[in-house]
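The structure under discussion appears below in the form of structure tokens.
Please treat every number below as a calculation from the coordinates, not as lab data. If you're wondering where the values come from, they're calculated on a predicted model, not measured in any experiment. Glycine also receives a Cβ, built like all others from the backbone with ideal geometry; neighbour counts cover every protein chain displayed.
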Amino acid sequence: MQVVHTIADLRSALAAHRSPAFVPTMGNLHSGHLALVQDARRLGDVTVASIFVNRLQFGPNEDFDTYPRTLAADCEQLKAAGCDVVFAPSEKELYPEPQGFTVQPPTELANILEGHFRPGFFSGVSTVVLKLFHCVFGSGPGTAVFGQKDYQQLMVIRRMVSQFAMPIQIVAGPTQRAADGLALSSRNGYLSEAERAEAVHLSMTLRGLAREALAAADALPQQREAMEHRAMSALAQRGWKPDYLTVRRRADLQTPTLEDTRQANRLVVLGAARLGGTRLIDNWEI
Ligand code: PAF
């Protein structure tokens, strides 16, 4: 496995390959990321992972400074997972000057849910992903694998690739979960032992909401808000600070209409909530 730190070295490492499969990450890897690498290995003629903590997607009061940087351990895991090339640029390499050109995703997709609670987040994500795609793929074809845990992120990236006519296939990797059902996330490492035991209640509450939504059938449009409110209150009573727990239409993450609720496979529940100082997100497709 080659570890490269500059765009020039990345391009020479990939020069002989026609269809890279790429997993962008911010490092501090866990088995969720490694599962994405396994998916990528089946999808290209060379497997590339990037490790870059992207300042542009962090808000002023978020954890950019404390986000764990564990490059050596990450590289060991990537090597064992069969990754071929790791691109770990410095901030100076990827942003040699302040990034004045940025991607502005459509507000109806990027200013709701995560984007509402983390203003600018999806612009920061789209900008770095566009730049990483240029570094890895140039103008050629390839595949990029994103975790389904970041459901809205996946949708924003798919939309970007489609609207900019980029010849890149976006593949979703299923959410990996701990034995108790907690979705794997680098931020789980922030949880105390007691918080870790409690953390599974986000996914449990979302599953409960999904079951209720399914059972409500035609009454969902009238009952949805009350259901969501009950789910958020249940978490709040356990000491969480929920940002949102909501039933949405999968296609565009808008609130579902009666027609949506009548069709199987059209809905998804998504949630974000803070437990102590840690903000966790999760989702389930219904
Ligand atoms: O999902 C992540 O880890 C990040 O948002 C990504 C896609 C690597 C962009 O920085």
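Pair-distance distribution P(r) for segment 58-121, from all Cα-Cα distances in 10 Å bins starting at 0: 16, 30, 35, 19, 0 percent. A Stokes-Einstein calculation at 20 °C with viscosity 1.002 mPa s, built on the Kirkwood radius of segment 167-286 over Cα pairs, returns a diffusion coefficient of 143 µm²/s. With kT/(6 pi eta Rh) evaluated at 37 °C and eta = 0.692 mPa s, and Rh the Kirkwood radius from Cα pairs, the chain diffuses with a coefficient of 166 µm²/s according to Stokes-Einstein. Excluding same-chain neighbours fewer than eight residues apart, the lysines reachable from K92 by a Cα-Cα span under 25 Å are K131. When you restrict to C-alpha pairs under 8 Å that are six or more residues apart and normalise by the size of segment 170-286, the relative contact order lands at 27 percent. Each part reduced to its alpha carbon centroid, segment 35-50 and segment 90-113 end up 25 Å apart.
When all alpha-carbon pairs of segment 29-180 are counted, what percent fall beyond 27 Å? Of the Cα pairs, 21 percent sit more than 27 Å apart. Dividing the mean sequence gap of close Cα pairs (under 8 Å, 6+ apart) by how many residues segment 36-151 holds gives a relative contact order of 39 percent. The angle between the Cα long axis of helix 151-163 and the main principal axis of the chain comes to about 60°, on a 0 to 90 degree scale.
Straight-distance candidates among the aspartates and glutamates for linking to K149, with alpha-carbon spacing under 17 Å and chain neighbours fewer than 8 residues away dropped: D39, E114, D180, D243, D252, D282, E285.
Between 0 and 90 degrees, the angle of helix 121-137 with respect to the longest Cα principal axis of the chain falls at about 30 degrees. Summarising the label geometry, the points placed 7 Å from Cα in the beta-carbon direction at M1 and A194 lie 3.7 nm from one another. As a length-normalised measure over Cα pairs under 8 Å and 6 or more apart, the relative contact order of the chain settles at 17 percent. Computed over Cα pairs, the Kirkwood radius of segment 96-243 leads via Stokes-Einstein (1.306 mPa s, 10 °C) to a diffusion coefficient of 89 µm² per second.
Can you grab the distance from the C-alpha centre of segment 125-144 to the C-alpha centre of segment 221-247, Å, no decimals? If you average the Cα positions of each part, the centres end up 37 Å apart. Taking label positions 7 Å along the Cα-Cβ direction at both F64 and R211, the computed distance is 4.2 nm, reported to one decimal. The packing ranking, built from the mean of other Cβ atoms within 10 Å per residue, places the peptides 5-15, 89-99, 273-283 in the order 273-283, 5-15, 89-99, highest first.
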